[in-house]
Structure formats: C-alpha cells, structure tokens
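Written out below as structure tokens is the structure these notes cover.
The values are calculated or read from the model by the stated rules, or taken from the named source; none is laboratory data. For clarity, every value in this text was computed on a predicted model and none was experimentally measured. Note that we place each Cβ from the backbone using ideal geometry, even for glycine, and neighbour counts take in every protein chain shown. Calculation scope for accessible area: heavy atoms of the full protein, side chains included, ligands and nucleic acids excluded. Shrake-Rupley method; radii C 1.70, N 1.55, O 1.52, S 1.80 Å.
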Amino acid sequence: MSLVVEILSRVCGQRVEPEEYVEVAIDVALGHDVSSQIAIDVMTQISDYIWDRNKMIICMDHFVPAPNAHTANQQKFYREWAKKQDVQFFDCGRGVCHQVAFEEKIVRPGNIIVGADSHTCTNGAVGCLSISIGSTELGVVMATGKLWLMVPKTIMIRLEGELPANVFSKDLAMHILRELSSHNPDYKSVEFTGAGVKTLTLSDRLTICNMIAESGAKTAIFDADETACAYFNIENSSIIHSDGRAECYLTVNLNEVEPLIAVPFSPLNIQTLRSQCGLKVHQAYLGSCTNGRLEDLRVAADVLRGKTIHEDVRLLVNPASKKVFEQAISEGIIQDLVSAGAQITGWSCGACFGGHLGLLGDGERCISSTNRNFPGRMGAVGSEVYLASPATVAASALMGRIADLKEGKG
C-alpha cells in the first residue's frame, strides 16, 4: 500500500482502497485568521464547543499585524473565542501556521491533519497525511472530529542522485511540478521515496510539499525516515511506512535539475532561469511558508553579504516565524540582509497572498520565493510575479534584474 492508504487503513481499522469513501478521525485541525470565521459559524450550528481542544490550533498569520480596524476586531473575536474554547492559539507574532505547526511539533508522522488553507499539505514533509479542506468542512471537523473523504490514488516519485551545487529545493519543486503536469495529479497523493530523499533536509521537503498544492494533487507526503524521526525524537520502527505500491510511478534524477523560474501568470508556467535573465525587477521578496525558513534566509545572506542591492529594487524579507527570525539574528543573517539594503517585514503571510506589507503597483515586476503568481496575487492586477529560489531572489535584488547565482556572486 502507499503511505496514504496505510495511514487511512490504520485509522479506519481495516484495509481501504483508492477511490473508496471513508470517514476518518482527525488528529489535528488547523485554522487561521482568514479561514476560521466561517468555520466557527458552522461549528456553532452543530455544537457549542469544539470536539477536542487539544487537537485544534488557530494561528493569526495572514493580516499580521492588523492593517485596519475590521481586521483588528476580527482578531479580537478570535482571541476571545479561543480563550473560551481553550484551544491552542498562536497570536500575532508567532509565524505562518504551517511553519508554526512544524516547529511546535504539533504535526507528527502518521497523523491526519486538515486545515482550511490550500497549502496545508506542507507538513506532509514529516510523514503525516496533511490535506486542505474548505472552511465549511473545517467547521464540521471542529464540531465532530471527523471528516468524509475519498481515498486518493497515489503517484509515486522516486528521487535519485543529489542536487548539483547552486540548485535548490525550490528548483526541484518546480521541476517536479513540470513532470507531474502530464500525469493528471488531480485529487491524487504524491508520495516521495528513493535514495535521493536522504539528501534533502526537512526544510527542503517542506518546500516541495508546499509547492505540490499547485499541481491539483490532494496531498504530498514523504515517508518518515531517520531524518524525520530524529526531529521528533521517535523510533523509526514505530512509524507507518509505505510498501511502495502506487497507481503511477515517476523517477526524478536530482543531478539533472537546473535553476528554474515560474513566469506569469501561473506557478505551472515553468521556464529555465537562463531564459528569463535580464528582465528588470522592482521588488524582490524573500519569505512565506514556501521559502521563509532559516536555510532560505541563510542562502540569501550568503549571496548578499558585503554587497548592496540595486538602487531600483526593494528587497523585502519575511521570515516564516519568530523562531526563524531569532535564529537568523543569532547567526548574523539578519544583519547581513539589512546591511545589504533589505527591509524585514515581520513573520507573517505578508504580501504573498496580496494582503499587505509590500504590495505591487501596476507595471511593477517582483521576483519572489513564494508559491503563486496569479494576476493581482501580490497587489495590482497590472503587476507581475516571477517565482524562484531564495538564491535567485537575492541575486536579482543585487543586479536589478532577473539574474542567476553566478551573476550575484560576481
């Protein structure tokens, strides 16, 4: 069985099959300041109290800090509701929900996680079945602790080799998205296996699972290997593992991956980086639940250290969490970024979803380490967003145009 089928079979107490409908008990439910209001309204139509206060988390992460009175009042409501329900509540200043759930080890291998956010699949990186649902569905889960879903078919991707120097997990994620496009990934589970997995850090895996959401897949998941088990301080033998069975198999040779970029207006519109070099940029954005972790900031700092960004570029740095920010301070990374001309916008979703903290005007072009570049995604409909690795973002900020790492280091 695939890993997802293994997990669902354990929860259901019997062997389940792909495309079978099952009712499952949820281990963790996740909401945030944008998605939770409707969920709470639905829950209160069913029950006065949440099904299990220890299994629900709400994180203030999108409009943080509150940019207007409406948002401030909404967040005030969440604080009061969370206190009444006695649920785990992460207020403004903790970070993006997916990163916080990972850091706090709320998500664990073998668990079933649901969240009213399209990038909930991020935490499939640690071997849990992590799926996005609508706010209405989240409300039902909050009241009952259960959810109906169809068991997804599995696309098994075997990773072989090792990424070349100056090629990063974001490049690999886009390479995988391009490979998946011809295999109809809609509502399927994308499972990663193979010797190449061992060469990827947990941060790499989080980035890859996060980006798989753009393919239309139901979820993405890595088998919980020694790296994941060490992070959670658990025995590998206690974890559910896949036996490698799937409906579709792909092999990706990491040695063949090259720097890539997603051009407007789709994260699936993937081109080689070299084909886009030279385009003028007005803003460079480093952060989000995709690439706002310590490793990402470290890569950018290595490019920018001792240099100054182009005079026509705004470089915004958006760490994924307070903990990432603190670690970046302790390593001197923040000082390197600020000295190069970056502005630290705080640890939240920020401009990634077009909320605030660095929106674009008409005719402006942004090189970003985020996950989406739809029309108007980060501001004006007449703006453009190009998606790339943190290294490419940093190099482009230095040059004032889309540039590869070699130019940034030159």
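Taking into account only those residues within region 9-67 that are in contact with a Phe, Trp or Tyr (Cβ under 9 Å, 6 or more places away or on another chain) and open to solvent by 70 Å² or more (accessible area, probe 1.4 Å), which is modelled with the lowest pLDDT?
The extreme case among them is VAL34.
Could you tell me which numbered condition ALA300 fails, if it satisfies all but one of (1) at pLDDT below 95; (2) closer than 23 Å to LEU357 by Cα; (3) not charged (D, E, K, R)?
Single failed check for ALA300: (1).
Here are ASN255, ASN236: which of them is open to solvent by 10 Å² or more (accessible area, probe 1.4 Å) and modelled with pLDDT of 95 or more?
Working: ASN236 fails: modelled with pLDDT of 95 or more.
On inspection, the qualifying residue turns out to be ASN255.
Please report, ordered by residue number, the strands (runs of 3 or more DSSP E) entirely within region 79-159 with at least 1 residues that are open to solvent by 10 Å² or more (accessible area, probe 1.4 Å) and not aliphatic (A, V, I, L, M). Quick ask: steps written out before the conclusion?
On the way: elements: 88-90, 112-115, 129-132, 146-150.
In region 79-159, the matching strands (runs of 3 or more DSSP E) lie at 88-90, 129-132, 146-150.
Considering GLY93, GLY31, which residue is more than 25 Å from GLY127 (Cβ to Cβ) and within 25 Å of the chain's Cα centre (by Cα)?
One residue alone meets the criteria, GLY93.
Report, ordered by the first and then the second residue, all pairs with beta carbons closer than 8 Å, sequence separation of six or more or different chains, a first member in region 20-42 that is on the phi > 0 side of the Ramachandran plot and touching a residue at least 60 places away in the same chain (Cβ under 8 Å), and a second member that is open to solvent by 10 Å² or more (accessible area, probe 1.4 Å) and of a type in the set (Lys, Arg).
Here the result reads none, with nothing in region 20-42 linked to a residue that is open to solvent by 10 Å² or more (accessible area, probe 1.4 Å) and of a type in the set (Lys, Arg).
Among the listed residues THR201, THR227, identify the single one that is at pLDDT 95 or above, within 11 Å of VAL126 (Cα to Cα) and open to solvent by 40 Å² or more (accessible area, probe 1.4 Å).
Of the residues listed, the single one that is at pLDDT 95 or above, within 11 Å of VAL126 (Cα to Cα) and open to solvent by 40 Å² or more (accessible area, probe 1.4 Å) is THR201.
Quick check on region 178-186. Is at least one of its residues over 20 Å from GLY31 (Cα atoms) and open to solvent by less than 20 Å² (accessible area, probe 1.4 Å)? Show your work before the answer.
Kept after step one, since they are over 20 Å from GLY31 (Cα atoms), are these residues of region 178-186: 178-186.
Next cut, open to solvent by less than 20 Å² (accessible area, probe 1.4 Å) only: 180, 185.
Scanning region 178-186, I find at least one residue that is over 20 Å from GLY31 (Cα atoms) and open to solvent by less than 20 Å² (accessible area, probe 1.4 Å), so the answer is yes.
Whether any residue in region 364-372 is among the charged types (D, E, K, R), touching a helix residue (DSSP H, G or I) at 6+ places or on another chain (Cβ under 9 Å) and outside any loop (DSSP other than H, G, I, E, B) is what I want to check.
No, region 364-372 contains no residue that is among the charged types (D, E, K, R), touching a helix residue (DSSP H, G or I) at 6+ places or on another chain (Cβ under 9 Å) and outside any loop (DSSP other than H, G, I, E, B).
For region 271-326, which residues satisfy the criterion of being over 23 Å from ALA173 (Cβ atoms) and either open to solvent by less than 10 Å² (accessible area, probe 1.4 Å) or part of a loop (DSSP other than H, G, I, E, B) (or both)?
GLY278, HIS282, ARG305, GLY306, LYS307, THR308, ILE309, HIS310, GLU311, ASP312, VAL313
Please state which of the following conditions ILE221 fails to meet, knowing it meets all the rest: (1) buried (at least 24 other Cβ atoms within 10 Å of the Cβ); (2) closer than 21 Å to SER389 by Cβ.
(2)
Please determine whether any residue of region 84-99 is in contact (Cβ under 8 Å) with a residue 12 or more places away in the chain, under 28 Å from GLU226 (Cβ atoms), in contact with a Phe, Trp or Tyr (Cβ under 8 Å, 6 or more places away or on another chain) and among the aliphatic types (A, V, I, L, M). Show your work before the answer.
Residues of region 84-99 that are in contact (Cβ under 8 Å) with a residue 12 or more places away in the chain, as a first pass: 85-99.
Of the ones still in play, those that are also under 28 Å from GLU226 (Cβ atoms) are 95-99.
With the extra rule that they be in contact with a Phe, Trp or Tyr (Cβ under 8 Å, 6 or more places away or on another chain), the set shrinks to 95-97.
Filter again for among the aliphatic types (A, V, I, L, M), leaving 96.
There is at least one residue in region 84-99 that is in contact (Cβ under 8 Å) with a residue 12 or more places away in the chain, under 28 Å from GLU226 (Cβ atoms), in contact with a Phe, Trp or Tyr (Cβ under 8 Å, 6 or more places away or on another chain) and among the aliphatic types (A, V, I, L, M).
Can you name every residue in region 331-354 that is outside any helix (DSSP H, G or I) and on the phi < 0 side of the Ramachandran plot?
GLU331, ALA340, ALA342, GLN343, ILE344, THR345, TRP347, SER348, CYS349, ALA351, CYS352, PHE353
State the number of residues belonging to region 357-385 that are closer than 24 Å to LEU294 by Cβ and open to solvent by 10 Å² or more (accessible area, probe 1.4 Å).
The total comes to 3.
Name the residue, out of GLY287, GLY355, that is touching a residue at least 40 places away in the same chain (Cβ under 8 Å) and touching a strand residue (DSSP E or B) at 6+ places or on another chain (Cβ under 6 Å). Show your work before the answer.
Working: GLY355 fails: touching a strand residue (DSSP E or B) at 6+ places or on another chain (Cβ under 6 Å).
Just a single option satisfies the conditions, and that option is GLY287.
So, THR392, is that one crowded, with 24+ Cβ neighbours inside 10 Å, among the β-branched types (Val, Ile, Thr), out of contact with any His (no Cβ under 7 Å at 6 or more places or on another chain) and in a loop (DSSP other than H, G, I, E, B) or not? Break it down stepwise before answering.
Numbers: crowded, with 24+ Cβ neighbours inside 10 Å: yes; among the β-branched types (Val, Ile, Thr): yes; out of contact with any His (no Cβ under 7 Å at 6 or more places or on another chain): yes; in a loop (DSSP other than H, G, I, E, B): no.
When the stated conditions are applied, THR392 does not pass them.
For region 180-197, give me each residue that is assigned to a helix (DSSP H, G or I), under 14 Å from GLU160 (Cα atoms) and within 20 Å of the chain's Cα centre (by Cα).
The answer is VAL197, and nothing else.
Does region 343-361 contain any residue that is under 18 Å from ALA262 (Cα atoms) and at pLDDT 95 or above?
Scanning region 343-361, I find at least one residue that is under 18 Å from ALA262 (Cα atoms) and at pLDDT 95 or above, so the answer is yes.
Look through region 1-38, keep the residues that are β-branched (Val, Ile, Thr) and assigned to a helix (DSSP H, G or I), and return whichever of them is nearest to HIS62 (Cα to Cα).
In this case the residue turns out to be ILE38.
Please find, among CYS229, CYS209, the residue that is under 19 Å from THR251 (Cα atoms), in contact with a helix residue (DSSP H, G or I) (Cβ under 9 Å, 6 or more places away or on another chain) and either part of a helix (DSSP H, G or I) or β-branched (Val, Ile, Thr) (or both).
Values: CYS229 fails: under 19 Å from THR251 (Cα atoms).
Of CYS229, CYS209, the one residue that is under 19 Å from THR251 (Cα atoms), in contact with a helix residue (DSSP H, G or I) (Cβ under 9 Å, 6 or more places away or on another chain) and either part of a helix (DSSP H, G or I) or β-branched (Val, Ile, Thr) (or both) is CYS209.
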